[in-house]
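The values are calculated or read from the model by the stated rules, or taken from the named source; none is laboratory data. Since this is a predicted model, take the numbers as computed values, not measurements. Heavy atoms of the whole protein, side chains included, go into the accessibility calculation; ligands, DNA and RNA do not. Shrake-Rupley method; radii C 1.70, N 1.55, O 1.52, S 1.80 Å.
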Amino acid sequence: KISLFGAVVIFCLVGISIFAQVILRKCFSIALIWVDEFARYGLVWFTFLGGAAAIDSLEETCVTFLRQKIPQKILRWINLVFHISMVIFLIMLVKTGLTFAEMGKLSKTLALGGITQYVPFLAIPVGSLLIAFSYATRTITDFFGIKEPPFDKDADKEEVLTP
């Protein structure tokens, strides 16, 4: 939920800034020099935060043809191996992303007030860590058959009332 909220906020800020850039440039001949760079880095942050938020949705919207053919017990082990492999890959990406972000301290952005590129480059390790956390929790709940509580408390009441 945190990564979804962050992705939505960043996406809205990028959209508003690009809209403002177009209006100001076309109507008033004023160019905001920081918008292009902000949009580029904002969309990178949006991609990684949105990726973490989309894990549950993507897992539920997959092609089920092969899943239906494989016995449930074997499928559970295949999913476990896949999820553990993804978590390992994402942890390696976190480590590499931190190294990359550290290198970003050496250079400054051109238009975003001269901040170091450390902040924009942190999207890789932060987003990868959130995605790894989502995969790890998904792995545990899937493997042990733990059901998530319903999102809406009133949904349970409605199900009980209907025959």
> Lysine pairs in the chain with alpha-carbon atoms under 21 Å apart, 8 or more places apart or on different chains: how many are there?
Replying inline: 5
> Taking a probe of 1.4 Å, how large is the accessible area per residue of the chain, in Å²?
Replying inline: 71
> Which shape class, rounded, prolate or oblate, goes with segment 1-41 when its Cα gyration tensor gives a ≥ b ≥ c as root eigenvalues, a/c under 1.5 marks rounded, and past that a/b bigger than b/c marks prolate?
Replying inline: prolate
>> Using the Cα atoms of segment 26-125, I'd like the radius of gyration and the largest Cα-Cα distance, Dmax, both in angstrom.
In response: 20.0, 65
>> Using a 1.4 Å probe on the protein heavy atoms, what percent of the accessible area of the chain belongs to carbon and sulfur?
In response: 73
